Amino acid sequence: MYITLDQKASKSILKNEYLGHLSYIYQNRPFVVPITYYYDAERNVIICYSAEGHKMNAMRKNNEVALNIVDVDHLTKWKSVMVHGKFEQLFGSDAKSYLHVFSLGIKTLIAEKELIELSFISEFSSKAINENIPMIFIIKIEEITGKMRKG
């Protein structure tokens with residue numbers, strides 16, 4: 001049986017996960033790549049980071065993107081959330097501020113879900129202080145939809 005999730009349930013899944021699949025268009029072709037993200041519920045945006053490359057160039061040209069998150073227990077028991085929104089690259093102090101929120105949020109989520117402490121997150125977060133900052137971008141959420149399959 002398939003059930004449509006309400007906004008509260010969909011946002012709960014979005015909030016409690018950190019891995020998804022980012023979809024974007026480049027030269028009239030769809031691309032889907034795995035990505036680490038953090039949902040900033042207060043600002044209602046998805047925070048991500050990336051190195052320079054194909055994905056960033058494509059999203060600068062067409063800022064319409066989607067993010068899919070799937071929580072799978074087994075073949076017939078899963079939840080899926082789709083976010084549609086607009087890509088926006090951040091710079092300077094905005095990028096550093098969002099990177100800080102991202103790194104603290106991810107560290108907390110992983111510690112809770114995986115029951116492990118991550119040393120690389122601290123190293124990653126320190127990049128916000130020097131010139132080697134990764135490119136930070138947000139997805140301004142326009143729509144969130146969710147589905148669930150039970151048994």
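Rule-based calculations on the coordinates, nothing more; no lab input. Computed from a predicted model, the values in this text were never measured in an experiment. Note: ideal-geometry Cβ built from the backbone for every residue, glycine included; neighbour counts use all protein chains shown.
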Just to be sure I understand: with springs between alpha-carbon atoms less than 10 Å apart, which residue in 28, 44, 63 has the highest mean-square fluctuation in the Gaussian network model of the chain?
28
Let me test this: with uniform point scatterers at the alpha carbons of the chain, what is the Debye-based log₁₀ I(q)/I(0) at q = 0.09 1/Å?
-0.29
Expressed in nanometres to one decimal, the distance between label points 7 Å along Cα→Cβ at residue 8 and residue 96 is 4.0 nm
For the chain, with a Gaussian network of springs between Cα atoms less than 10 Å apart, report the residue from 12, 50, 93 with the top mean-square fluctuation.
93
How far is it, in nm, from the label point at residue 29 to the one at residue 41 when both lie 7 Å from their Cα along the line to the Cβ?
4.0 nm
In terms of modelled amide H atoms, which long-range or inter-chain residues lie less than 5 Å from the amide H of residue 49?
137
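List the pairs from 79/107; 8/77; 79/140; 8/61; 107/150; 8/113 whose alpha-carbon separation is above 27 Å, in the order I gave them. Present the calculation step by step, with values, prior to reporting the outcome.
Details: 79/107 23 Å; 8/77 19 Å; 79/140 22 Å; 8/61 32 Å; 107/150 30 Å; 8/113 20 Å.
Listed pairs above 27 Å: 8/61; 107/150.
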For residue 3, what charge total do you get from the other residues with a beta carbon under 13 Å from its beta carbon, if Lys and Arg give +1 and Asp and Glu give -1?
+4
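Sort 81, 32, 70 so that the residue with the fewest other Cβ atoms within 10 Å of its own Cβ comes first and the one with the most comes last. Before the final figure, lay out the partial values.
Numbers: 81 24, 32 11, 70 15.
The most exposed by this proxy come first: 32, 70, 81.
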Going by alpha carbons, how many degrees (0 to 90, nearest 10) lie between the helix axis of 7-16 and the longest principal axis of the chain?
50 degrees
